[in-house]
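Colleague: Have a look at the structure that comes next, please.
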Amino acid sequence: MEGRLIRIVDPADPRIAEFTSMRDKDLAGRGDRFIAEGRVVLQALVEAEAGSRRFVLEKALFLENRIDGLGDLIDRIDPGCPVYVADRSVLDAAVGFAMHRGILAVGRHVPPASFSEFLRHLPEQALLVAACGIANHDNIGGIFRNAGVFGADGIVLDASCCDPLYRKAIRVSVGAALRVPFCRTGSIADMVATLSSHGFEIAGLSPRGAGTLDMFMPGRRLALLVGTEGEGLPAHILDQVKTLRIEQAPGMDSLNVATASGIALWQAALRMGRTGVQAG
């Protein structure tokens, strides 16, 4: 492991330029590159690179007093990936704040060639989340975490959704943003049309849904459609799809979109016979 480590003594070293002033510049949305923080997220990135080939780990930067506990993980990093190490003063000066985790990496997402190509690689029985207009990074991270927990085959994001590879979204997802396959597409209307053409039943979650989630029996291919909080899914889209509501106590506002997605995913995964998902 020692031979892998490249010491950084200057916070302005151009080799770590991607990590500098991290509060002011986030790589999300810039050429499919992003920042990964913490051991759990780095481990997810290493596993994703080795397994799915949907991600590439380009470089890593560690606080020197974290190295002793990272030997097994460093040994799994591709030999061609530079691994930098710095002391506390250099690392904090570079990133612009006290970096308590002391584990950073630059990753690159390799997106699918097209939405149709993404769908063609899914299994015959498939469970998806289709997200529309989700602008809050906590919510998008929560949706990815739920999708990972309940074994969804992927997530589809319309053009107006925020980036799941934003640093906060990855943290909230506990690395699931690197484990659950996803694809970004165009408008909600195009998303619904393409899903339908690939044999997906589309169920839109809405407080005004015509049916109740607890009575819904999914088929072999299901896309759970969720919209932004407040406005929810557009009326013209709800008119085109099956609509479901999660029954709740009277007088309360609707559920947070991430919470609603978790409930719906659990119910769908249970009824689709997903391995490991059991009734509570």
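Colleague: If R0 is 45 Å, what FRET efficiency do you get for ARG7 and ALA113 from their C-beta distance, rounded to 0.05?
Modeller: That pair, ARG7 with ALA113, gives E of 0.65.
Colleague: Using alpha carbon centroids, what distance separates segment 46-115 and segment 204-237, in Å?
Modeller: Using only Cα atoms, the two centres lie 38 Å from each other.
Colleague: Using 1/(1 + (r/R0)^6) with R0 = 45 angstrom and r between the beta carbons of LYS168 and MET215, what's the FRET efficiency to the nearest 0.05?
Modeller: Working from the Cβ atoms, E equals 0.80.
Colleague: On full extension of the chain, what length is gained from ARG33 through GLU247, given 0.36 nm per residue of separation minus the C-alpha to C-alpha distance?
Modeller: Difference between extended and current length: 73.0 nm.
Colleague: Counting DSSP beta bridges in the chain, what percent are antiparallel, to the nearest 5?
Modeller: Roughly 30 percent of the beta bridges in the chain run antiparallel, per DSSP.
Colleague: Give the range of the longest stretch in the chain that excludes all trypsin sites (Lys or Arg not before Pro) found in loop regions by DSSP and having at most 10 other beta-carbon atoms within 10 Å.
Modeller: Of all site-free stretches, the longest is 54-280.
Colleague: Answer with one residue from ALA86, SER114, PRO250: the one whose Cα lies farthest towards the positive end of the charge dipole of the chain, charges on Cβ with Lys, Arg +1 and Asp, Glu -1.
Modeller: Going by the Cα projections, it comes out as SER114.
Colleague: HIS121: net charge of surrounding residues, Cβ under 13 Å, Lys/Arg +1, Asp/Glu -1, itself excluded?
Modeller: 0
Colleague: What does the net charge come to around ARG101 if you take all other residues with beta carbon closer than 13 Å to its beta carbon, with K and R at +1 and D and E at -1?
Modeller: +3
Colleague: Translational D (Stokes-Einstein, µm²/s) of segment 115-271 at 37 °C and 0.692 mPa s when Rh comes from the Kirkwood sum over C-alpha pairs?
Modeller: Using the Kirkwood radius from Cα pairs, D works out to 215 µm²/s.
Colleague: Taking the Cα-to-Cβ direction at ILE263 and at SER89 and moving 7 Å from each Cα, how far apart do the two end points lie in nm?
Modeller: About 5.4 nm, to one decimal.
Colleague: Around PRO181, what is the net charge, scoring Lys/Arg as +1 and Asp/Glu as -1 over all other residues with Cβ under 9 Å from its Cβ?
Modeller: +1
Colleague: Within the chain, which is the longest segment containing none of the GluC sites (Glu not before Pro) that sit in a DSSP loop and have at most 16 other Cβ atoms within 10 Å?
Modeller: It runs 1-123.
Colleague: Sticking with this one: For segment 1-145, what is the convex hull (Cα atoms) projected area averaged across all directions, in square nanometres?
Modeller: Mean orientational projected area (segment 1-145, Cα hull): 10.1 nm².
Colleague: Kindly express, to the nearest 10 degrees and within the range 0 to 90, the angle between helix 188-197's C-alpha long axis and the longest C-alpha principal axis of the chain.
Modeller: Orientation of helix 188-197: about 70 degrees from the principal axis.
Throughout, read-outs are computed from the coordinates displayed, never taken from laboratory work. The shown structure was predicted, so the numbers you read here are calculated from the model rather than taken from an experiment. Ideal geometry is used to build each Cβ from the backbone, glycine not excepted, and the neighbour counts take in all protein chains shown.
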